[in-house]
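Remarks on the structure that follows.
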Amino acid sequence: MSLNCIIIDDDPVLIKYCESLIKKHSELNFLASYSTAEDAINALDEFDVDLIFLDVEMPKMTGFEYLNQLKDVPPVIFVSSKGEYALEAFKFKAANFLKKPFSEQEFNTAINELINKGSKYSSTKGIKDSFFVKDKGRLIQIFLNDILFIEALSDYVQINVENKKYTVLSSLKELSKILPTDNFFRVHRSFIVNKLKIKEVDDSIIVLGNSNVPLSRSHRQQFMDWIHIL
């Protein structure tokens, strides 16, 4: 699986350049770009973002102020024309800092360093076969192979199995980090599906059991690559 990327920068030339480099890199998947940090405030709710390319100096809100607004921050590669921001960037645990203008080689080096840092940025997941949830004071074991899909409900998620639904205090983003990517994929801002339970895909609808789950345009191409169409 590739890393889903967004770009936040007020320079349209840089956005086009960075987007072209992302699309050329086999480990990256471009999702969206934003010309201000304000516009990107809800991006992590809308998309399953694995990597942010972030400028520092932008109108109304700086890149640092933007990160302070977020609860769960994915890896960030800062892109700035001012090298003096590098020290502060790494205080935010930046994955890397690229000083504008940067070359394709510098870009690829930063990406490869990120990918090679370890399993926390890879597709290695924590749950292997099953997990437990609380249900009316009891602990219920849920096997991954029994899950149809998982739906976001405000601060909770609803885990849909064959004949039962379980509501758990968690988020799709957190579950995405621990579910194995071989069989589980986030197809929409509100849904994760189990590939083993997919009956059919009809344009923007995925049929699982007796339920229909929406497939968003932003996830469609990567989903199609993931299911391996012959």
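Throughout, read-outs are computed from the coordinates displayed, never taken from laboratory work. Bear in mind that the values here come from a model prediction, so they are computed numbers and not experimental data. Here the Cβ positions follow ideal geometry from the backbone for every residue, glycine too, while neighbour counts run over all protein chains shown.
The count of lysine pairs in segment 130-226 that are at least 8 places apart or cross chains, and whose C-alpha atoms lie under 23 Å apart, stands at 19.
Taking the Cα centre of the chain as origin and assigning +1 to Lys and Arg Cβ atoms and -1 to Asp and Glu Cβ atoms, the resulting dipole is close to 800 debye. Which residue, chosen from Thr181, Gln222, Ser204, occupies the Cα position most advanced towards the positive end of the dipole of segment 130-226, where the dipole is computed from +1 (Lys, Arg) and -1 (Asp, Glu) charges on Cβ about the Cα centre? The one lying farthest along the dipole's positive direction is Thr181. Using a cutoff of 8 angstrom between alpha carbon atoms and counting only pairs six or more residues apart, the relative contact order for the chain works out to 12 percent. Only one residue of Leu70, Ser35, Ala89 has its Cα farthest out toward the positive end of the dipole of segment 1-104, where Lys and Arg carry +1 and Asp and Glu -1 on Cβ, and that residue is Ala89. Here the Karplus curve 6.51 cos²θ - 1.76 cosθ + 1.60, taken at θ = phi - 60°, turns the phi angles of segment 208-213 into couplings of 10, x, 9, 10, 10, 10 Hz, with x standing for Gly and Pro. Less than 5 angstrom separates the built amide H of Ala37 from those of Met61, all sequence-distant by 5 or more or on a different chain. Stokes-Einstein diffusion for the chain at 4 °C, viscosity 1.567 mPa s, with a Kirkwood radius from C-alpha pairs, works out to 68 µm²/s. Of all DSSP bridge pairs formed entirely within the chain, close to 65 percent run antiparallel. A cut-off of 5 Å between modelled amide H atoms, ignoring neighbours fewer than 5 places along the same chain, links Leu208 with Lys199, Val213. Let me know the shape class of segment 130-226, please: from the alpha-carbon gyration tensor, a ≥ b ≥ c as square roots of the eigenvalues, rounded when a/c is under 1.5, otherwise prolate if a/b is greater than b/c, or oblate. Here segment 130-226 falls in the prolate category.
Shown in residue order for segment 89-102 are the 3J(HN,Hα) couplings computed by the Karplus curve 6.51 cos²θ - 1.76 cosθ + 1.60 at θ = phi - 60°: 4, 6, 5, 8, 6, 4, 5, 5, 9, 10, 8, 5, x, 10 Hz (x for Gly and Pro).
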